[in-house]
Amino acid sequence: MEYDIVMTNKESQRHAIITKLIANKINGTQAAKQLKLSIRQTKRLKACVIKDGIKGTIHKLRGKAGNNKLPEGTLEKAKKYIEENYSDFGPTFAQEKLKDDHQLKIGISTVRKLMIEEKFFIPRPKKKSSEYRAWRERKECFGEMGQFDGSYHAWLEDRADECCLLANIDDATGKVTLKFDTNESIPCVFEFWKEYVKTKGKPVAIYLDKYSTYKINHKSAVDNKDALTQFQRAMETLGINVITAHSPQAKGRVERLNETLQDRLVKELRLRKIDNMEDANVFLKEYEKIFDNKFGVKARKKGDLHVPLTKKELENLDAIFSVHSKRLVRNDYTIQFKKQWVQLAQLQPTGVLRKDNVLIEERLDGSLHISLRGKYLNFEILPNRPEKTKVLLPMLTSVKSDWKPPVNHPWRRYQINNNSTQLICQNV
């Protein structure tokens, strides 16, 4: 029975060379050079042609099922799971979920092809960029530098309001620290870094953008070296170097992190049906380990450059991570602060003069603390503006004066705390 043998151009050329070799028109060395094979492989091919004829040059697996062929029905199962749960996932992420959650071992290229055919995934055209940018080499050690940023996004989709993900990625290892909060304000950022330095220690440097939380951008503040933001002041107190990026590409690792999380983390939260920020933050502790195991890298050098907090820094952590403001002591020893009136007590741990500049700390717990020359002052917040009264005291001290204030004075109307805590304030 006659039948046609289909050969590729390469196989046809091989057969012609082996035929010459069998006819002794060329020797084995010449044939091996023409075939670009070793002499041993050339001898094997010659033997196959002598035994099987022209079929000896054809691959033995042609027409047979491959060793890695998927079991019957696997692609149908994959299609069903993708349609039900992962229709808006990328092929790589969908392949991971099929493997981890459904025990379907399918290659990424197969999943990609399937998702394109079923219109679940539309590949993006390659972007042609006229500007060349190279990745900056990573830092050598863990804790040498962290890249920090906040990302506003519908992280919980329509299950909750939009929130902000505060994220820090270690430059050397790619390990992440994540936390959801309402925004990227000073209190929220302070809460993030207060928890960070307590648990991991102080990084050598933090790399971030020129957002106003971190840097004063007003043109009049350019030449004022003392005009630090609250964040810069807190980091300077702890000895952490703050580096501001001049472009988003400069802090590309955290920008890429935000892009990855806006794809993967959103879907992980959806699969777990998390619908509030509190539960999302609990899950983030678990997700940090998942992310680090998948995307983390080994630092070029061993060691952790995070510096532990000193005992003094730990005691003053609440003061460091508070919003600092300066106010003037008025002639009646009151202070006006944010539509509030504060009356200083008559007894103080240090001398307080009229027109003294005091430091007011707004703590993260909402409490106010007022300090002068390294000591915290005694005070009371008044319910309304006090009446004008002439106070015949040149200075408030720790010794009670014989002068008696009038009946309408706050010192007599209200029981103002005179017990000084006498705590030392950090960098007043």
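What whole-number distance in Å separates the alpha-carbon centres of the stretch 336-388 and the stretch 76-122? Spelled out, the Cα-based centre of one part sits 62 Å from the other. What separates the Cα centres of the stretch 246-314 and the stretch 1-51 is a distance of 58 Å. Among Leu328, Leu166, Leu364, a tally of other beta-carbon atoms within 10 Å of each Cβ gives an order, fewest to most, of Leu328, Leu364, Leu166.
May I ask which of Lys113/Lys294; Lys97/Lys273; Lys139/Lys200 have a Cα-Cα span longer than 22 Å here? Don't skip to the end; give the middle numbers.
On the way: Lys113/Lys294 24 Å; Lys97/Lys273 16 Å; Lys139/Lys200 18 Å.
Over 22 Å Cα-Cα: Lys113/Lys294.
Cross-link pairs exceeding 30 Å in C-alpha to C-alpha distance, out of Lys105/Lys175; Lys69/Lys298; Lys10/Lys69; Lys179/Lys251, comprise Lys69/Lys298.
For the chain, a Gaussian network of Cα nodes joined below 10 Å ranks Asn68, Asn316, Asn85 by mean-square fluctuation, and the top entry is Asn68. For the stretch 322-413, the percent of C-alpha pairs falling in each 10 Å distance bin, counted from 0 to the bin holding the largest distance, reads 16, 53, 27, 4. Annotation: aspartates and glutamates with alpha-carbon distance below 18 angstrom to Lys119 (same-chain offsets under eight excluded): Glu76, Glu83, Glu84, Asp88.
Quick check on my link table: of Lys194/Lys289; Lys33/Lys126; Lys64/Lys99, which ones sit more than 29 Å apart, alpha carbon to alpha carbon?
On the way: Lys194/Lys289 21 Å; Lys33/Lys126 40 Å; Lys64/Lys99 27 Å.
Flagged as over cut-off: Lys33/Lys126.
In order along the stretch 349-354, phi translates into HN-Hα couplings of x, 9, x, 10, 9, 4 Hz, rounded to whole numbers, per the Karplus curve 6.51 cos²θ - 1.76 cosθ + 1.60 with θ = phi - 60° and x for Gly and Pro.
Comparing Thr199, Thr57, Thr177 in a Gaussian network model of the chain, where Cα atoms under 10 Å apart are tied by springs, the biggest mean-square fluctuation is seen for Thr57.
Rank the residues Thr350, Thr310 as a footprinting-exposure proxy: fewest other Cβ atoms within 10 Å of their Cβ go first.
Details: Thr350 18, Thr310 12.
So the residues, fewest neighbours to most, are Thr310, Thr350.
Structural descriptor for the stretch 146-295: relative contact order 28 percent, calculated from alpha carbon pairs under 8 angstrom and at least 6 residues apart.
Take the eigenvalues of the Cα gyration tensor for the stretch 309-359, scale each by 5, and report the square roots as semi-axes in whole Å, largest first. Present the calculation step by step, with values, prior to reporting the outcome.
Numbers: eigenvalues 134, 40, 16 Å².
Rounded to whole Å, the semi-axes are 26, 14, 9.
Ordered by the number of other Cβ atoms lying within 10 Å of each residue's own Cβ, fewest first, Trp193, Trp403 fall into the sequence Trp403, Trp193. Enter the angle in degrees (range 0 to 90, nearest 10) between the Cα long axis of helix 277-295 and the first principal axis of the Cα atoms of the chain, meaning the one along which they spread out most. Rounded to the nearest ten degrees, it is 40.
When Rg and Dmax are taken over the Cα atoms of the chain, they come to 35.9, 129 Å.
Which value, in nm² and rounded to one decimal, describes the direction-averaged projected area of the C-alpha convex hull of the stretch 74-117?
Working: hull surface 10.0 nm².
For the stretch 74-117, averaging the hull's shadow over all directions gives 2.5 nm².
In sequence order, the stretch 94-99 has phi-based couplings of 5, 4, 5, 5, 4, 6 Hz under the Karplus curve 6.51 cos²θ - 1.76 cosθ + 1.60, θ = phi - 60°, and Gly or Pro positions carry x. Taking amide H positions as modeled 1.01 Å from N, with prolines and chain starts lacking one, the residues under 5 Å from Trp341 and 5 or more places away or on another chain are Leu382.
Starting from the eigenvalues of the Cα gyration tensor, five times each then square-rooted, give me the equivalent ellipsoid semi-axes of the stretch 1-155, largest first, whole Å.
Working: eigenvalues 499, 146, 48 Å².
Computed over the stretch 1-155, the values are 50, 27, 16 Å.
If you run the Gaussian network model on the chain, springs between alpha carbon atoms under 10 Å, then out of Lys388, Lys375, Lys126 the most flexible one is Lys126.
A short reminder: the numbers here are calculations on the coordinates, not readings from a lab. Note that the structure is predicted; figures quoted are calculated from it, not measured. Positions of Cβ are generated from backbone atoms using ideal geometry, with glycine treated the same way; all protein chains shown enter the neighbour counts.
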